[in-house]
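Chemist: Input: one structure, supplied below.
The values are calculated or read from the model by the stated rules, or taken from the named source; none is laboratory data. Treat the numbers as computed from the prediction; the structure is a model and nothing was measured. Glycine also receives a Cβ, built like all others from the backbone with ideal geometry; neighbour counts cover every protein chain displayed. Ligands, DNA and RNA are excluded from the accessible area calculation, which covers all protein heavy atoms including side chains. Shrake-Rupley method; radii C 1.70, N 1.55, O 1.52, S 1.80 Å.
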Amino acid sequence: GSFKNLYDFCERVDLRKVNKRVIESLIKCGAFDSTGATRSSLMECLETAAAYGQKIQDEKTCSQVSLFGEAEVAMGNVSGVMKIPNIPEWHDKDKLAFEKEVLGFLITGHPMDRYSDDIKRLTNTDIAGMTEMAEGSEVRFCGIVTALKETTTKKTGERMCFVSIEDTTGTVEVTVMPNIYADVASLLKSSDPLLVIGKLEKTEKGGKVLVHRQKEGASEWQQKNRGPSGEIKLLAEAREQTTKKVRFILSVEDTPPERMSRLREIIERHPGNISACIEFLISDRSRSIMPLTPDLNVAATDDLRLEVERLLGYPAVIFE
């Protein structure tokens, strides 16, 4: 039958073959999600569950029968057995990173999903949409690097690279020229979402993007034929630089006074130059916006959004 929980699993499987490292991988990729427990909670009690399961199996192997039964004997020797702690779930970024680590691909989402509002504001296309754009167009899109091949130019011996960048709609090859590669090499070797600005080049196999930086003093003819000057930066950095206001969305029914106090503490931990406001939602009836005072201006960072989402349990921060 189905496994009821992590303890039931550890009691019934052969722990010589399904060891703690295997169970840890199963937790990270979501194999235990059907039990209803969060992955973070399961990782927290893995040691206890494995010890419990091993104790039960040892007693069965030795044919030791106690007055209270096998499970009760094990329970008496394993602290906190059969209890799964109630701790906050990992953030989506961490969950996806673990899925990628264990499986090599993603199941529950994509690293770009949580940036959907920022992407709409900062880009003019996604990768799939490039097929509809004209040769030489400036493309502004977001994605993550999935492959990188570094090389040197034959003429000058300078470093450049070819990278594959993907978003939720597809993958595109990006050529990063020497006059910009030195500045962005570390970004391309990270797993963080990027904002890419470049020139679209159409080929028989589809499109690719050229990213280069215009030389100072370039002639009008050179600028026209080389196309738009390119840029690569962290999506989070681009978001911070362009955000004019931060809006916190709160459901009045689900926000008791103590939670409001904790929200204020979070805001105060992330001071910045961006004005903020709180939008109160009253069921489906109405909404009310309260501007925050200048001493509560914030920085539009992922850490701010992460802390607020963990407090409220839903996406509640909008960068505008």
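Chemist: Can you go through K95, K154 and tell me which one is closer than 25 Å to M43 by Cβ and modelled with pLDDT of 85 or more?
Modeler: On the way: K154 fails: closer than 25 Å to M43 by Cβ.
Result of the check over K95, K154: K95.
Chemist: How about the stretch 107-126: which of its residues are within 23 Å of R310 (Cβ to Cβ) and open to solvent by less than 50 Å² (accessible area, probe 1.4 Å)?
Modeler: G109, H110, P111, M112, Y115, D118, I119
Chemist: So how many residues does the stretch 150-168 have that are of a type in the set (D, E, K, R), part of a loop (DSSP other than H, G, I, E, B) and more than 28 Å from N124 (Cα to Cα)?
Modeler: Result for the stretch 150-168: 3.
Chemist: Right, another one. Part of a helix (DSSP H, G or I), hydrophobic (A, V, I, L, M, F, W, C) and under 25 Å from V317 (Cα atoms): does that describe L96? Let's see the steps before the verdict.
Modeler: Details: part of a helix (DSSP H, G or I): yes; hydrophobic (A, V, I, L, M, F, W, C): yes; under 25 Å from V317 (Cα atoms): yes.
Against the criterion (part of a helix (DSSP H, G or I), hydrophobic (A, V, I, L, M, F, W, C) and under 25 Å from V317 (Cα atoms)), L96 qualifies.
Chemist: For the list (1) under 27 Å from D94 (Cα atoms); (2) in contact (Cβ under 8 Å) with a residue 40 or more places away in the chain, I need the number of the one condition that I56 fails.
Modeler: Unmet condition: (1).
Chemist: Restricting the search to the stretch 160-171, which residues are within 27 Å of the chain's Cα centre (by Cα), open to solvent by less than 80 Å² (accessible area, probe 1.4 Å) and either more than 19 Å from D118 (Cβ to Cβ) or at pLDDT below 95 (or both)? I'd like the intermediate steps shown before the answer.
Modeler: Taking the stretch 160-171 first, the residues within 27 Å of the chain's Cα centre (by Cα) are 161-171.
Now narrow it down to the ones that are open to solvent by less than 80 Å² (accessible area, probe 1.4 Å): 161-167, 169-170.
Across the stretch 160-171, the qualifying residues are C161, F162, V163, S164, E166, D167, T169, G170.
Residue-by-condition table, conditions (1) outside any helix (DSSP H, G or I); (2) farther than 30 Å from T38 by Cβ; (3) open to solvent by 70 Å² or more (accessible area, probe 1.4 Å):
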site	(1), (2), (3)
M82	yes, no, yes
P85	yes, no, no
E101	no, no, yes
L148	yes, yes, no
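Chemist: Select from the stretch 24-50 the residues that are of a type in the set (A, V, I, L, M) and outside any helix (DSSP H, G or I) and write down the one among them that is surrounded by the most Cβ atoms within 10 Å (Cβ to Cβ).
Modeler: Per the stated criteria, the residue is A37.
Chemist: Give the number of residues within the stretch 1-23 that are assigned to a loop (DSSP other than H, G, I, E, B) and either touching a residue at least 60 places away in the same chain (Cβ under 8 Å) or β-branched (V, I, T) (or both).
Modeler: Number of matching residues: 3.
Chemist: Identify, by number, the condition in (1) modelled with pLDDT of 95 or more; (2) buried (at least 17 other Cβ atoms within 10 Å of the Cβ); (3) among the charged types (D, E, K, R) that E11 doesn't meet.
Modeler: (1)
Chemist: Kindly indicate whether S261 is part of a strand (DSSP E or B), of a type in the set (G, A, S) and open to solvent by 30 Å² or more (accessible area, probe 1.4 Å).
Modeler: no
Chemist: Just to be sure I understand, how many residues within the stretch 276-304 are surrounded by fewer than 17 Cβ atoms within 10 Å (Cβ to Cβ), closer than 26 Å to H91 by Cβ and among the small types (G, A, S)?
Modeler: Selection size over the stretch 276-304: 1.
Chemist: Do you know which of the residues in the stretch 132-144 that are in contact with a Leu (Cβ under 8 Å, 6 or more places away or on another chain) and open to solvent by 60 Å² or more (accessible area, probe 1.4 Å) is modelled with the highest pLDDT?
Modeler: My answer is R140.
Chemist: Would you point out which residue out of G157, G129 is free of Cβ contacts under 8 Å to residues at least 12 places away in the same chain and open to solvent by less than 50 Å² (accessible area, probe 1.4 Å)?
Modeler: G157
Chemist: Also, quick follow-up: Across the stretch 173-200, what is the total count of residues that are part of a strand (DSSP E or B), of a type in the set (A, V, I, L, M) and either open to solvent by less than 10 Å² (accessible area, probe 1.4 Å) or without any contact (Cβ under 8 Å) to a residue 40 or more places away in the chain (or both)?
Modeler: Final tally of qualifying residues: 5.
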